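The values are calculated or read from the model by the stated rules, or taken from the named source; none is laboratory data. Model, not experiment: these values are computed from the prediction. Here the Cβ is made from the backbone with ideal geometry for all residues, glycine too, and neighbour counts use every protein chain on show.
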Amino acid sequence: MSETRSDGELLRAVAADADRRAFEELYRRYAPWLRARLRGRCADLGVVDDVVQETFLAVWRGKARYRDEGDVAGWLWRIGSRRLVDALRGDGARGRLRQALARLRHRDEVSAEERVLAGVEHGDLAGALVRLSPELRAVLQATVIDGLTTREAAVLLGIPPGTVKTRAMRARKQLREALA
């Protein structure tokens, strides 16, 4: 029985030795998770698959360097979410993004991230988050949880950067009032 290598060991082997087996193991470990997470942001499965591939290519080619800080999944998510924003900025992307977001906004199914947000058990934060409008929650999710910049969140959400800032400010104010 082979020993399972840690994420850090795999990444070091990929970076130092271009270890194909380590890369394949890392890909098998995280690609399905990253794909599922990106599908929550983009309904175009072709774009999602391209972004997953671009994310792992960046790791393989050494364009993305892990610094042994924090969670590998979070590091891959930051790479992937930024690659998604870049992909959506391409020709015709705004239209595809608006369509995808419109489909996501009007679905009855609650996303996994919304369930996690609703399940937070610190004070009444869960209740306060649930009471936010979907527009305010989406901005908080993009900027706080996903760590996107205002400009990246604007592209992802299909709204102007000023609107992202305004909604973030309104969301923080409503949360402060709800938790006071």
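Observations on the structure shown:
- From the options V139, V155, residue that is at pLDDT 85 or above and under 23 Å from R89 (Cα atoms): V139
- A search for C-beta distances below 9 Å between a residue of segment 119-148 that is over 14 Å from T163 (Cβ atoms) and any residue that is at pLDDT 80 or above and outside any helix (DSSP H, G or I), counting only pairs 6+ apart in sequence or on different chains, returns D146/R41.
- Residue match in segment 21-40 (condition: over 13 Å from L76 (Cβ atoms), in contact (Cβ under 8 Å) with a residue 24 or more places away in the chain and part of a loop (DSSP other than H, G, I, E, B)): yes
- Complete set of residues in segment 12-50 that are surrounded by fewer than 14 Cβ atoms within 10 Å (Cβ to Cβ) and among the basic types (K, R): R20, R21, R28
- Scanning segment 158-180 for residues that are among the small types (G, A, S) and either closer than 18 Å to V85 by Cα or in contact (Cβ under 8 Å) with a residue 12 or more places away in the chain (or both) gives G158, G162, A168, A171, A178.
- Filter pass, E69 being exposed (fewer than 13 other Cβ atoms within 10 Å of the Cβ) and modelled with pLDDT of 60 or more: yes
- Qualifying residue in segment 34-55 (condition: of a type in the set (S, T, Y) and out of contact with any Gly (no Cβ under 7 Å at 6 or more places or on another chain)): no
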